[in-house]
Amino acid sequence: MTGTMLLEARSLTKYYGDHLALDRLDLSVAAGEIICLLGANGAGKTTTLNLFLGFTEPSAGEALVDGRSVASDPAGARSKLGYVAEVVSLYPALTGAENLAFFAELAGKRVDMSERDAILSRLRFPLEQIDRASGGYSKGMRQKLGLAIALMKGAQAILLDEPLSGLDPAAANDLVTVLRETAASGTALLVSTHDIFRAKEVAHRIGIMRHGRLVDMVEPATLSAGELEQLYLTHMAERAA
Ligand code: ATP
């Protein structure tokens, strides 16, 4: 896929002490593209997201958001970036609307109600729930509110850590549709997941990670779900080089 590269990792490497958590990762995510990262626990997926976010510093290499280096221009890089954590942190006593306003203002944005409602509708968020306390929201609704916060902030690239875990099949199916529609409007999405089958449904490309290395990058449209699973299992069974 061609187009503007909104996320780029260039030989991105992270050691924790002697432990190599990420080994010379090269990766680009274009506008409109969804890449899923698959891999066993400890493969380096969260480390990758954390390096894009500037939560941790690389040992070598570089992470860029819309061409801005996370290391040398952290504020510039962050202004283009949204993050949806596995558990989206909201103030449970505040309504969805109040949470959105709070987090948008933290990012320096005033909430425009028509823009807000357009984003929520696009995300298929049940609008009648927006004035309820967020403590009662389902995981799927929390994820959507997290996405809405990112989009209201004007993020061009969004990182999602395990967004599909813990969703019932209908909610997961719905989120897949929402993510596809979000990307179709020009956002780049980088998603970590353990769910091979949903990854196949949602991603344009799937990166398979093992022991900190990106060992394969596949276009799921070219594989059946069974073939993708077999490929994943084959990589997981490989002996460390
Ligand atoms: P999971 O699917 O469990 O979230 P992951 O693919 O996201 O796994 P990471 O969390 O990126 O994997 O971890 C990669 C490696 O780095 C692991 O071996 C992990 O133990 C190690 N690691 C991660 N964070 C730290 C840290 N803050 N200090 C020390 N080691 C860490």
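Using all pairs of distinct alpha-carbon atoms, the Kirkwood hydrodynamic radius of the chain works out to 18.3 angstrom. To the nearest ten degrees, helix 225-237 and the longest principal axis of the Cα atoms of the chain are 60 degrees apart.
Stokes-Einstein, applied to the Kirkwood radius of region 112-203 over Cα pairs at a viscosity of 1.567 mPa s and 4 °C, places its translational diffusion at 96 µm² s⁻¹. Taking the DSSP beta bridges with both ends in the chain, the antiparallel portion is around 50 percent. By the rule of a C-alpha distance below 27 Å, with chain neighbours fewer than 8 residues away ignored, the lysines paired with Lys144 are Lys45, Lys80, Lys109, Lys153, Lys200.
Taking all protein chains as present, what is the carbon and sulfur share of the accessible area of the chain, in % to the nearest whole number, probe 1.4 Å? Here carbon and sulfur together make up 51 percent of the probe-accessible area. Per residue, the chain exposes 46 Å² of accessible surface when a 1.4 Å probe is rolled over the protein heavy atoms with every protein chain present.
Within a Cβ distance under 14 Å of Thr13, other residues only, what is the Lys/Arg minus Asp/Glu net charge? Here the charged neighbours net out to -1. Of all alpha-carbon pairs in region 90-155, indicate the percentage at a distance above 19 angstrom. Value for region 90-155 (Cα pairs over 19 Å): 18 percent.
The values are calculated or read from the model by the stated rules, or taken from the named source; none is laboratory data. Just so you know, these numbers come straight off a predicted model, no measurement behind them. Reconstructed Cβ throughout: ideal geometry from the backbone, glycine too, with neighbour counts over all protein chains shown. Just so you know, the surface numbers come from the protein's heavy atoms only, side chains and all, with ligands and any DNA or RNA stripped out. Shrake-Rupley method; radii C 1.70, N 1.55, O 1.52, S 1.80 Å.
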